Amino acid sequence: MAPADGLTPRSLVQRILAAKLPNPFNRAAGFLVLDIGSSSVKLAEVHHGPSGPRLTTLDIAPLPPTVVQSNVVQDEGPVVEAVRGLIARRGVQARQVITAVPGPAVMVKKVLLPAQTGAAVEAAVLAEAGHLIPDSLDNVNLDYQVIDLIEAGNKMEVLVVAVKKEIINSYTNAIRAADLEPVVVDVDYFALENMFELNYDPPGGQPLALVNIGARYSSINILKNGRSTFTGDVPVGGAEYNDALVRQLGVSPADAEVLKQGRAAGGADPAAAEQILGSVTELIVEEIQRALSFFWTAATDEPLGAIFLSGGPARMPGLSAELKQRLDCVVEVADPFRRAQVERRVDRLLIETSGPSLAVAVGLATRRPGDK
């Protein structure tokens, strides 16, 4: 592919998975992780040393349900307010931010290309991306990574990732509005994978699935032999519980949150609430089962050996058991802090009560500018 307007292929490729630091790397300050979701902002402060990432701060702040819609930050004001509040409350010093965009906003494709190196790889990726992406390359941020070299046929397998600029800009603009500097923008699929690698031994044998249940959607990353073979998402999440309680019992959103935790609220019948929650669990399990059946059929002909759940709803009563029964495999709630280094001053109660919901944040904490 010939360079356009005098630009080299490298200058055309807009990095999203490994943004470069514009200033010298300041180890003392560390990095600030922000996982901006549709219902909350998760914050972590991380310092990197010889033994790996060390978490020095963790916290969560809620967001109104209208702030993030259709994978875009529609109203940056509440995000800025929440982030500034967390920084002030925890005395965070870091100002350079590692964040992620949601999986449904991202196009992820694997392509086979002739084995090559340097600028030739980027030129080949750009040429291929022109066929893969149903939009002008001027409107997207594009990144790639060579994930395998195939000697037979002298080929290489390349992961190509593309996100519309308006989506990335909605997150980075909100971060800048809080007087912070975004330096790495990842994807939640890959953050989950990094969280798993940090805390668990490399899986052998059968494939496994990482399923992160968010508020409005659930991310899925299928791993085999320590490598991602398929990523996808389903449009169901923990908000289904709250919505059903509000709709069927006529309670407020605040009371629905209390009822979801198994406590009485809003004058609602606890037995009725439990029945509604059970029905929603069946719905979520059914959607995840359907997606996994499709995804692993596309990714491999081997049955899944295990599923690791994360996200706030991962501990909902009956969810793990129902998935295990339907899919006939091990189902475990992932522990993002199983091996992660965490300073003693970090809120242990937060880890105990909200650990699974911090999975993406912990995965992001493994990232540094310039890595792959």
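Among the residues of region 111-130, is any modelled with pLDDT of 95 or more, surrounded by 18 or more Cβ atoms within 10 Å (Cβ to Cβ) and among the β-branched types (V, I, T)? No: zero hits. Which of the residues spanning region 336-372 are out of contact with any Pro (no Cβ under 8 Å at 6 or more places or on another chain), closer than 23 Å to Y189 by Cβ and part of a loop (DSSP other than H, G, I, E, B)? F337, R338, R339, R367, R368, P369, G370, D371, K372, listed by residue number. Selection over region 291-340 of residues that are more than 28 Å from I36 (Cα to Cα) and basic (K, R) gives a count of 2. The lone criterion from (1) touching a Gly at 6+ places or on another chain (Cβ under 8 Å); (2) within 24 Å of G226 (Cα to Cα) left unmet by E151 is number (1).
Counting the residues of region 146-164 that are without any contact (Cβ under 8 Å) to a residue 40 or more places away in the chain and closer than 27 Å to D35 by Cα gives 1.
The values are calculated or read from the model by the stated rules, or taken from the named source; none is laboratory data. Since this is a predicted model, take the numbers as computed values, not measurements. All Cβ positions, glycine included, derive from the backbone under ideal geometry; neighbour counts span all protein chains shown.
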